[in-house]
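Below is one structure; the comments refer to it alone.
Derivation of every value follows stated rules applied to the coordinates shown; laboratory data play no part. Here the structure is a predicted model, which is why all the values come from computation and not from measurement. Positions of Cβ are backbone-derived with ideal geometry, glycine not excepted, and every protein chain shown enters the neighbour counts.
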Amino acid sequence: MSDPEKRAQEDGPAPRPDAEPSRCEPDGPSNTPAYSDIDLDRWRDYDHVWTDSLWVIESRDTTGGHGLDYHGNFVPQIATQSFLRYTKADDIVLDLFLGSGTSAIEAQRQKRRLIGVELKADLVEYVGTKIEPQLLGDRIRLLQGDATDDAIVGQIRRCLSEMGAEHVQLIMLHPPYHDIITFSDHPADLSRTRGLPHFLEGFESAARHAFQVLEPHRFAILVIGDKYAQGELIPLSFYCLDRMQQVGFRTKAIVVKNIEGNERGKGRDSNLWRYRALRGGFYIFKHEYVMVFRKPS
Ligand SMILES: C[S@@+](CC[C@H](N)C(=O)[O-])C[C@H]1O[C@@H](n2cnc3c(N)ncnc32)[C@H](O)[C@@H]1O
């Protein structure tokens, strides 16, 4: 057992059964996990890297080019934490629902590479304006395309080959939460799919494409929330988790994250929702999930 491991054990309770010590073995001369640059010899210096399964984010990070410029974008802290925890410098992240490019900006900031797929051509163009020109088309590659279409795998593989790589090292998936927000009129838009079965079918295709190009033993992050329809809670998140498992991913963690940081000032609406909740017997959504999966070797 290394010194820091001994110290960690002396400091706290016995390792939990889910700690998987054998899988945290360093892969080189430095004491880092095989999938991150976290120096375990200095593990006390990493307070900024979260390890608890409850993320209460008080406000959106608006530094380093991030902003709330797209209805439905995730708080940058999700990308920050995911990249710090599950990638090394120069690793390639694949985001199949790139939206306004939060992952791309964070990849630029953390010196990771990225392939981003987004259905809306105007959005792809817009994200391009946020990326440093010397990185665009090189370390940061944007593809206009349909993540649910098998053809996307070929497009991603072509990008990878131009980048001198065979696989990506981290997947980010932040699909529409079915029809909660309609993103476009495009027939392939997952937010326009009629009925839950079709949505889940489309999501599963995207998850399968992600699985195909991910390096074995690396991670995928799914950011997703649930919805209500006709007085019933639809646990979209858990249906999607099931589809991730069906395509071969193993579930590593489920993080519950507050959604305060996502909202523009909602002020007067909150009383109305509280009244409706009291009348209708439901709870107002205040959380969504950041689910972590791993591709087996
Ligand atoms: C929840 S948003 C992602 C937001 C993103 N994480 C960000 O921070 O800006 C989902 C995105 O998926 C896109 N989308 C919907 N269906 C798609 C599909 N079939 N293929 C690729 N992108 C799709 C939508 O246009 C939308 O921008």
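Points to keep in mind about this one:
- The range 150-280 gives an Rg/Rh value of 1.03, both radii derived from C-alpha positions and Rh following Kirkwood.
- Cα-Cα separations in the range 94-214 greater than 20 Å, expressed as whole percent: 39
- Local electrostatic count, residue 190, Cβ distance below 15 Å [Lys/Arg +1, Asp/Glu -1]: -3
- Taking the average, over residues, of other Cβ atoms within 10 Å as the packing measure, peptides 141-153, 93-105 rank 93-105, 141-153 from highest down.
- Total formal charge among the other residues, if their Cβ is under 10 angstrom from that of residue 180, Lys/Arg +1 and Asp/Glu -1: -1
- Here the residues 48, 217, ranked from fewest to most Cβ neighbours within 10 Å of their Cβ, fall in the order 48, 217.
- Here the mean projected area of the convex hull built on the C-alpha positions of the chain is 17.1 nm².
- Normalised by the number of residues in the chain, the average gap of Cα pairs under 8 Å and 6 or more apart makes the relative contact order 16 percent.
- Here the contact order of the range 77-175, divided by its residue count and restricted to Cα pairs under 8 Å and six or more residues apart, works out to 34 percent.
- Placing pseudo-labels 7 Å out from each Cα toward the beta carbon at residue 122 and residue 44 gives an inter-label distance of 5.4 nm.
- Net charge of Cβ neighbours under 9 Å - reference residue 141; Lys, Arg +1; Asp, Glu -1: 0
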